[in-house]
Every structure is written in structure tokens, then in C-alpha cells.
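Student: Following this message is one structure expressed as C-alpha cells.
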Amino acid sequence: MLLAIDTATRTASLALYSAEGVHAETTWRARANHTVELMAQVVRLLELGHATKEDLRAVGVALGPGSFTGLRVGMSVAKGLAFARRIPLLGIPTLDAVAYAHAHQRLPIWAILAAGRGRYSVAQYAAKRGAVKRVSDYVLVDASGLIERLTREKNGDAKMARALFCGDIDAALAHALVEQCGSRAVIASPALNARRAAFLAELAWARFQRGEADDPRTLVPMYMPHESVEGTKH
């Protein structure tokens, strides 16, 4: 059984996963209380899944981008469990899990995480046959910077292709997307935008089944600087 831990933002999520699928899952607004709440929720999740720590065969963890404190707490707990149980640790970029939740539709995907102060961590993905592939760098932009990327001229045509936007989309960003892009911007509903650790778990489980693992001694969270950066592709 694999435990997936996502504490990348103020919304936290945990899931228990195996070849049989999701055994238990919980998502809640932790705000800034990850340190206090995370281990208690892990214990509760194991109870819900009728499992114990001894049943864990791997741990998946959200790498970021995300908040400094949230990522640090999630990584510390994941590493502690991996070391204590001597089981594989598997890091998954947070935006990859956000996009993967929408893998069974055909529109280009823009996955978005709120980064504070009106900024967003974003990346573009292509969906095909139930899988997603990142086709851009991870970047940090404000709403106007995202709109500029979407409407960047190509062959003299400034119109963007129809695309799905998912993740942390607040009212201000939704308004900007609709105002500037109209019906070409398909915005996922709040329920579909809830970040669920089950999707992170499926990505981590696939890596686990391929025999992959990350080194707990060197794995670190992915923090976004104040300008656009390239990310590591898995």
C-alpha cells in the first residue's frame, strides 16, 4: 500500500492507494496548520483504510511548487516514514498531479497553483489516452503574465486555442481569463479543482511499479523563484 502526502498549499490531502485502487482519502483546508494537523490526519487515514504503518510499501509526496512551510512539513513526514519503514520514497511535482486529474479530456491543460501576492505557479500539459505530458517550463506569473502567454502572437494570429484551466483559480483570475479569452478559456469547476491526493498516489504508484524511487537523503522540495524557471521533467 502507498501513502500519498500533498501539503503543497493551504489545502492538504492524503490518500492510501494500492493495485486495488483508493482505500481511503481525505482533503481539508489546513491553512497554516500543517505541522499540527498532518500526523494526526495520517493516523486517521490509516484507521479509515483499515491499515497500519506496517502495511505501507511506499510513500509518495508532492514536490512543489507550493508554500515553503507546507512542502517542508510534507517532505519531513514522508522522509521519516520512508526511513523508518525502509520503503521507497517517490516525489511527484504538484502541478503534474493537478493536470493528471483532467487526463481524460482532449483540451490543452493549464495547471495552476496560487503562489501568494497575486502570483501563480503554472505549467502547460497535453492530455492523451489518460496520461498527461508537460509541454512547458514551470513558471511563476501574475494574471496579466499568464494572459500574455496565452495570447502571444503566433503566425500573426493572437487568438489562443481553446484550453482547460484547473487548480487554484480564484475569482480574480477566473474573471481575467473570461474577460480576455472568452469561451476559449474552459475553467474547471470548484469540485474538479479540489486537489486530491489520489491523483498524486496514482502517479507515484506508477513509478513504484516501474521500480523507481528517489533518494530520501537528497530529495528536496521544488520552490519557485521570483522569475520563470525550468523544472525537472519526470
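Student: Report the residue count in the stretch 96-110 for those that are outside any loop (DSSP other than H, G, I, E, B), closer than 14 Å to Leu164 by Cα and not hydroxyl-bearing (Ser, Thr, Tyr).
Tutor: Counting residues in the stretch 96-110 that are outside any loop (DSSP other than H, G, I, E, B), closer than 14 Å to Leu164 by Cα and not hydroxyl-bearing (Ser, Thr, Tyr) gives 4.
Student: Further question: Being under 30 Å from Gln41 (Cβ atoms), modelled with pLDDT of 95 or more and not in a helix (DSSP H, G or I), is that true of even one residue in the stretch 224-233?
Tutor: no
Student: Show me the strands (runs of 3 or more DSSP E) entirely contained within the stretch 5-94 in which 1 or more residues are more than 27 Å from Ala114 (Cβ to Cβ).
Tutor: Here the list reads 11-18, 21-29, 58-62.
Student: Kindly provide the set of residues from the stretch 135-156 that are part of a loop (DSSP other than H, G, I, E, B), modelled with pLDDT of 90 or more and among the small types (Gly, Ala, Ser), ordered by number.
Tutor: Within the stretch 135-156, Ser136 is the sole residue that qualifies.
Student: Do any residues in the stretch 160-187 that are in the same structural domain as Val132 (by TED's automatic domain parsing) have Cβ atoms under 8 Å from those of residues that are charged (D, E, K, R) and in a helix (DSSP H, G or I), where the two are at least six apart or on different chains, and which pairs are they?
Tutor: Qualifying pairs under 8 Å: Met160/Arg184; Ala161/Arg184; Arg162/Arg184; Ala163/Arg184.
Student: Could you look through the stretch 157-186, keep only residues that are basic (Lys, Arg) and assigned to a loop (DSSP other than H, G, I, E, B), and pick out the one that is nearest to the chain's Cα centre (by Cα)?
Tutor: Only one residue fits best here, namely Arg162.
Student: Right, something else. Can you tell me which residue in the stretch 38-47 is farthest from Trp205 (Cα to Cα), limited to those that are surrounded by fewer than 15 Cβ atoms within 10 Å (Cβ to Cβ) and of a type outside the set (Lys, Arg)?
Tutor: Checked the stretch 38-47; the qualifying residue farthest from Trp205 (Cα to Cα) is Ala40.
Student: Can you list residue pairs whose Cβ atoms sit under 7 Å apart, with the first residue in the stretch 98-113 being over 9 Å from Tyr125 (Cβ atoms) and the second being buried (at least 24 other Cβ atoms within 10 Å of the Cβ) and of a type in the set (S, T, N, Q)? Count only pairs 6 or more apart in sequence or on different chains.
Tutor: Here the result reads Leu113/Thr9; Leu113/Thr94; Leu113/Ser121, each pair linking the stretch 98-113 to a residue that is buried (at least 24 other Cβ atoms within 10 Å of the Cβ) and of a type in the set (S, T, N, Q).
Student: From the list Ala19, Ala58, Ala51, exactly one residue is under 26 Å from Ala213 (Cβ atoms), buried (at least 21 other Cβ atoms within 10 Å of the Cβ) and either out of contact with any helix residue (DSSP H, G or I) (no Cβ under 9 Å at 6 or more places or on another chain) or of a type outside the set (Ser, Thr, Tyr) (or both). Which is it?
Tutor: Ala58
Student: Also: Hey, among the residues in the stretch 65-107 that are among the hydroxyl-bearing types (Ser, Thr, Tyr) and surrounded by fewer than 18 Cβ atoms within 10 Å (Cβ to Cβ), which one's nearest to Leu38 (Cα to Cα)?
Tutor: The qualifying residue nearest to Leu38 (Cα to Cα) is Ser76.
Student: Checking Ala30 against (1) outside the structural domain of Ala172 (by TED's automatic domain parsing); (2) closer than 20 Å to Glu202 by Cα; (3) touching a residue at least 40 places away in the same chain (Cβ under 8 Å): exactly one of these is not met. Which one?
Tutor: It fails just one condition, (2).
The values are calculated or read from the model by the stated rules, or taken from the named source; none is laboratory data. Values in this document were obtained by computation on a predicted structure and should not be read as measured data. Positions of Cβ are backbone-derived with ideal geometry, glycine not excepted, and every protein chain shown enters the neighbour counts.
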